[in-house]
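The values are calculated or read from the model by the stated rules, or taken from the named source; none is laboratory data. These figures come from a predicted structure and were not determined experimentally. For neighbour counting, all protein chains shown are included, and Cβ atoms are generated from backbone atoms with ideal geometry for every residue, glycine included.
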Amino acid sequence: MRELTHLPYNFRRLDDNFVISNYAGQHQYLSEDDFTNICKSDFEKLDSETLSSIESKSFVSPVDEVELRQRILSSKLATRIYSSLQPPGLFMVVPTLRCDHDCNYCQVSRADYNAQGYDLDEKYINDIIKHIDFFSKDYAKVEFQGGEPLINFEFIKRFVSQAKITLKDKDVSFVIATALGPITDEIIEWVDKEKIDLSISIDGDEVLHNTNRPSKRINSFVNTQHTIRKIRSFYPNVSLSALSTVTRLSLEKPQAIVDTFLDLGFRDMFVRPLSPYGFAVDTWRKLGYSSDEFFEFYKELLDIIVNYDGELIEYNALLHLNRIFKQSNSHVDLKSPAGLIFGAMVFDYSGDIFGSDESRMLYKTTGSEELILGNVSKNPKDLIKNKNLIAMLKDSFIEVNPGCCDCAYNQYCGADPIYHLSAQGDLIGDKSKSFFCDLEIKMFDYIFTKYYSDELYYRKFNEWLMMS
């Protein structure tokens, strides 16, 4: 046997097994005996398949190839970082802060339906499009957020019309994130004609949805249900996606949430936990939960989905699978360095520019001017020189963050400085007390364990990966 030596890797115990990973983004799932033999350099005790695998993935190296293998690892790390520093593909526009719902977990200081001074002025349309043109490459997704963006529908119409002219040489798609309250037949027909996607919130059955997302103007669940069925019946080309935000009440209803999505014709769903932005302590006590409580719910929900006899995908899990097996950098929350600007840009109703939707939310509750990275009336080139943006990004390289540098999942996870700034008052934060980190570790633990030890999950996860 050739003389072998170790190359750098991190590890994590999963019951009686171990996961090891390195800066190339490679991983190996090992039995305890194999892990022990590797640590002791007893390579001759490994079977040929395992030995070949850990050598091909640069966990070990022939002594005479160490320098070459180290360069390969460095090159792959540099490639991953470079891929995270590409221009943004997602551009969020807030046509209005007005809303027709009173969602209990709303993280934005929404304005009343009839309030004045909370709409994005149409004079900014060309300036926003100029920024999108400057920062995007060949592709751009424009997502209208709120408030309830459909309240300012005329702005959306004019924006889309102008963007299709100015950005005609780029592949541009449009999404409206809406609770469907103000939607009309006229709007649906326009959405169909212009090929606009709709992203809809569905929190569960009628009791759960209306408790989480109450409205003084409508029965939110009935309106959402009726509109979705109308679109599916008469406008089948309109693309619908849906997400569910989990509150404490949701923890009791994983089956009801899945059943509601299926009943409305969805074959994919995105289930997300609450984030801490903008919550008062008493509100969090009412709606929030620990990471353990959320993950017990999530495991039950995922088990329902995986055992469903038909096509049904849960995208929170799929995003993590894509990070592990495809090195995908598409999910803003799982980027290192952080996805500020490089993952998404947000154009607020005021004309101010933020590096993420979370930055916008945190600004609304703190008034911290450092979170504003620019304004649409300024030259786009000025934004990339913003000192506050550079300061936030330089602290978001996960490889050097305390608590992350020695984590087995650091090449699959992401730095989230805005989360930790909100929750702990610091861009890096104490990872041992971080809800975000604890939840991500639980997610990766569960995915690795299920993928390698449960035949049904292994098959289902691979089906999802092939479809993504």
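Overview of results
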| read-out | value |
| --- | --- |
| Qualifying residues in the stretch 1-49 (those that are part of a strand (DSSP E or B) and of a type in the set (S, T, N, Q)) - the one nearest to Q411 (Cα to Cα) | S21 |
| Qualifying residue in the stretch 85-94 (condition: in a loop (DSSP other than H, G, I, E, B), touching a strand residue (DSSP E or B) at 6+ places or on another chain (Cβ under 7 Å), aliphatic (A, V, I, L, M) and within 16 Å of M345 (Cα to Cα)) | yes |
| In the stretch 247-290, the residues that are within 21 Å of the chain's Cα centre (by Cα), of a type in the set (V, I, T) and at pLDDT below 95 | T247 |
| Extreme residue, surrounded by the most Cβ atoms within 10 Å (Cβ to Cβ), among residues of the stretch 230-262 that are touching a residue at least 40 places away in the same chain (Cβ under 8 Å) and basic (K, R) | K253 |
| Considering residues of the stretch 133-142 that are out of contact with any Pro (no Cβ under 9 Å at 6 or more places or on another chain) and outside any loop (DSSP other than H, G, I, E, B) only, the residue modelled with the lowest pLDDT | Y139 |
| Checking S244 against (1) within 16 Å of L150 (Cβ to Cβ); (2) of a type in the set (G, A, S); (3) at pLDDT 95 or above, the condition it does not meet | (1) |
| Among the candidates S58, S53, residue that is without any contact (Cβ under 8 Å) to a residue 60 or more places away in the chain, at positive phi and among the small types (G, A, S) | S58 |
| Odd one out for G414, checked against (1) buried (at least 17 other Cβ atoms within 10 Å of the Cβ); (2) assigned to a helix (DSSP H, G or I); (3) in contact with a Gly (Cβ under 9 Å, 6 or more places away or on another chain) | (2) |
| Hey, I128 touching a residue at least 24 places away in the same chain (Cβ under 8 Å), hydrophobic (A, V, I, L, M, F, W, C) and either in contact with a His (Cβ under 9 Å, 6 or more places away or on another chain) or under 20 Å from D382 (Cβ atoms) (or both) or not | yes |
| Helices (runs of 4 or more DSSP H) fully within the stretch 149-212 counting 1 or more residues that are under 20 Å from F347 (Cα atoms) and acidic (D, E) | 153-166 |
| Selection within the stretch 206-229 - surrounded by fewer than 18 Cβ atoms within 10 Å (Cβ to Cβ) and of a type in the set (D, E, K, R) | E206, K216, R217, R229 |
| Residue list for the stretch 213-242, filter: under 23 Å from A111 (Cβ atoms) and part of a loop (DSSP other than H, G, I, E, B) | R213, P214, S215, K216, R217, I218, N219 |
| Residues of the stretch 433-468 that turn out to be assigned to a helix (DSSP H, G or I) and buried (at least 16 other Cβ atoms within 10 Å of the Cβ), as a count | 21 |
| Residue check for I188: closer than 30 Å to R248 by Cβ, of a type in the set (A, V, I, L, M, F, W, C), at pLDDT 95 or above and assigned by TED's automatic domain parsing to the domain that holds L301 | no |
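Conditions tested, residue by residue: (1) surrounded by fewer than 19 Cβ atoms within 10 Å (Cβ to Cβ); (2) within 26 Å of V376 (Cβ to Cβ).
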residue	(1), (2)
E32	yes, no
I38	no, no
D47	yes, no
S56	yes, no
L68	yes, no
M92	no, yes
Y105	no, no
